[in-house]
Amino acid sequence: MSDLLRGHCAVVTGARRGIGRQTVEVFAREGVRVVYACARKEDDAFAADMRSIAEKYGVSVRPVYFDISDEAAIVRGVREIRSQKDAVPDILVNCAGILSRPCRFSMMSIQEAKRLFDVDFWGQVILTQHLSKIFHRQRRGSIVFVTSIAGMDGFFASLDYVACKAALNAAVVQMARELGEVHVRVNGIAPGLTKTDMIAHQNPAAMEMLKPAIMLGRFGKKQEIAEAIAFLASDAASYVTGQILRVDGGTHPPKANW
Ligand SMILES: NC(=O)c1ccc[n+]([C@@H]2O[C@H](COP(=O)([O-])OP(=O)(O)OC[C@H]3O[C@@H](n4cnc5c(N)ncnc54)[C@H](OP(=O)(O)O)[C@@H]3O)[C@@H](O)[C@H]2O)c1
């Protein structure tokens, strides 16, 4: 792929590491003119990393800092983006997220579950509500939510995460309905298990046992998810909206204990 996103201006959350960071790099490679790379808090190493991506691809990558679970911080972040008149965003990728500790429903901490919803659901919805006003005014834009196949298939001992991602999948379709009339597309990418920090701390033996459920017999790479995000964000997907695209190597979870 090349030049898929030439001249666009994108906001990417969760940009410090994992799928979000990879998305920033793929966007830069594809010619996004300005990427607002959003991270939780100020970080010199992150800023240097973003500078190196910008120099490598000859684009502008601008760090923006806010905690996605803090509505006032989100509003400040959006205000900062809007103040940069030379780069009005027309793409949003909602990638920031956390995973809960595996835990049976009967033992689940409601407080932790609410915290997960604040980050993985409300943070994304609130940010999208604010930024989509810009897209609405421009009568164009593309929004990609990074959800999960967990929201469709379930995932063992993770009711809060499963419910949260299912809610996001539903929100994608509803937002697509409401924003379609102003030519704004809204889609979701549902990754299967992907090699990032998010799954690095899981029990390796338990993870190995999951591989037979994947047709390709391996976990995904963050690059593979980022390429799919770039496709959905781009004009190559100009007639695609309200969809959740599984990028999961063909995962068919066993009925029991998943
Ligand atoms: N990896 C998988 O197997 C997998 C599968 C399906 C879906 N997903 C989804 O993919 C997305 C990205 O996950 P990943 O695998 O790339 O995970 P990751 O490597 O753990 O990265 C998560 C990113 O989210 C950021 N983040 C977390 N809480 C935040 C907050 N309160 N405010 C702002 N940023 C916050 C993190 O920032 P810090 O660096 O500051 O912590 C980090 O940059 C998530 O939505 C996840 O649910 C992942």
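The values are calculated or read from the model by the stated rules, or taken from the named source; none is laboratory data. Quantities reported herein were computed from a predicted structural model and do not represent experimental measurements. Methodologically, a virtual Cβ is constructed for each residue, glycine included, from the backbone with ideal geometry; neighbour enumeration extends over all protein chains shown. Just so you know, the surface numbers come from the protein's heavy atoms only, side chains and all, with ligands and any DNA or RNA stripped out. Shrake-Rupley method; radii C 1.70, N 1.55, O 1.52, S 1.80 Å.
Before moving on, here are some points about what is shown:
- Of the helices (runs of 4 or more DSSP H) contained entirely in the range 144-245, those carrying at least 1 residues that are in contact with a Phe, Trp or Tyr (Cβ under 7 Å, 6 or more places away or on another chain) and closer than 30 Å to Gly7 by Cβ fall at 159-180, 222-233.
- Where strands (runs of 3 or more DSSP E) sit wholly within the range 1-76, those with at least 1 residues that are within 9 Å of the ligand (Cβ to nearest atom) and buried (at least 24 other Cβ atoms within 10 Å of the Cβ) occupy 34-39.
- Residue count for the range 162-201, restricted to those that are near the ligand (Cβ under 9 Å from one of its atoms) and open to solvent by 40 Å² or more (accessible area, probe 1.4 Å): 4
- The condition of being in a loop (DSSP other than H, G, I, E, B), open to solvent by 20 Å² or more (accessible area, probe 1.4 Å) and out of contact with any strand residue (DSSP E or B) (no Cβ under 9 Å at 6 or more places or on another chain) holds for Pro254.
- So Asp44, is it free of Cβ contacts under 8 Å to residues at least 24 places away in the same chain and over 16 Å from Val26 (Cβ atoms): yes
- Inspection of the range 187-199 finds no residue satisfying the criterion of being over 24 Å from Gln22 (Cα atoms), in contact (Cβ under 8 Å) with a residue 40 or more places away in the chain and out of contact with any strand residue (DSSP E or B) (no Cβ under 6 Å at 6 or more places or on another chain).
- Evaluation of Gln84 against (1) away from the ligand (no atom under 11 Å from the Cβ); (2) under 24 Å from Asp160 (Cβ atoms); (3) part of a loop (DSSP other than H, G, I, E, B) (one fails), failing number: (2)
- Pair list, Cβ < 6 Å and 6+ apart or interchain, from the range 135-150 residues that are of a type in the set (Phe, Trp, Tyr) to residues that are more than 7 Å from the ligand (Cβ to nearest atom): Phe135/Gly141; Phe135/Val184; Phe145/Asn94; Phe145/Leu168; Phe145/Val172; Phe145/Gly188
- Filtered residues of the range 218-239 (kept if more than 15 Å from the ligand (Cβ to nearest atom) and open to solvent by 40 Å² or more (accessible area, probe 1.4 Å)): Phe231, Asp235, Ala236, Ser238, Tyr239
- Residue within the range 243-255 that is at pLDDT below 95 and within 12 Å of the ligand (Cβ to nearest atom) present: no
- Long-range neighbours under 8 Å by Cβ, at least six apart or interchain, first residue closer than 11 Å to Gly97 by Cα within the range 107-131, second assigned to a helix (DSSP H, G or I) and among the hydroxyl-bearing types (Ser, Thr, Tyr): Leu116/Tyr161; Asp120/Tyr161
- Among residues of the range 80-95 that are at pLDDT 95 or above, those with a Cβ under 8 angstrom from a residue that is in a loop (DSSP other than H, G, I, E, B) and of a type in the set (Ser, Thr, Tyr), sequence gap 6+ or separate chain, pair up as Val93/Thr13; Asn94/Thr13; Cys95/Thr13.
- Cβ pairs under 7 Å, 6+ apart, first in the range 47-61 and over 14 Å from Cys9 (Cα atoms), second open to solvent by 20 Å² or more (accessible area, probe 1.4 Å): Ala47/Pro63; Met50/Pro63; Ile53/Glu25; Tyr57/Arg29
- Residue, surrounded by the most Cβ atoms within 10 Å (Cβ to Cβ), within the range 106-153, restricted to residues that are among the polar types (S, T, N, Q) and away from the ligand (no atom under 11 Å from the Cβ): Ser142
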